[in-house]
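J.: My questions all concern the structure below.
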Amino acid sequence: MENITEHRMLFSQRLSLLIKYNGLTSAELARAINVSAPLITKYTSGQASPSYENFIRIADYFNVSMDYLRGKSNSFNGDSIKSSKVDYWVELFESLQLNEVQQEELLNILKGLNNKMS
């Protein structure tokens, strides 16, 4: 069985990425799913894991699969064909070790590309 701490950290990284990608703050997400902002901060820092209900709320809010949030899939929607492409971009993004400004710039570029492809 894999370490619970590893799962919690993977969840916190993915949640942080979703928050940044969607241009949200922890407080905005907290209001949207009806929890406290400090609780979201605990999730994103890896200090706590969400309850099952909050886990569902987060997945529904971001329209991603629960498997994505828990690390069983790198596909936002569970599509295994697109998953390998997402795997590549996630690995690339994580390997670049960008600062906050660079991360924001890259996310804006990716959003623009995503909009053009939709």
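J.: Per residue of segment 41-56, in order, report the coupling 6.51 cos²θ - 1.76 cosθ + 1.60 (Karplus, θ = phi - 60°) as ³J(HN,Hα) in whole Hz, putting x for Gly and Pro.
T.: Computed from phi, the couplings for segment 41-56 are 4, 5, 5, 6, 9, x, 7, 8, 10, x, 5, 4, 5, 5, 4, 5 Hz.
J.: On a 1.4 Å probe surface of the protein chains, which of Lys111, Lys42, Lys72 comes out largest in accessible area, and what is the full order?
T.: Highest to lowest solvent-accessible surface, that is Lys72, Lys42, Lys111.
J.: Also, quick follow-up: Hey, with R₀ at 25 Å, roughly what FRET efficiency would Thr25 and Thr5 work out to, going by the Cβ-Cβ distance, to 0.05?
T.: 0.45
The values are calculated or read from the model by the stated rules, or taken from the named source; none is laboratory data. Worth saying up front: this structure is predicted, and the values here are computed from it rather than measured. Cβ atoms come from the backbone with ideal geometry, glycine included; neighbour counts cover every protein chain shown. Remember, those area values only see protein heavy atoms, side chains included, never the ligands or the DNA or RNA. Shrake-Rupley method; radii C 1.70, N 1.55, O 1.52, S 1.80 Å.
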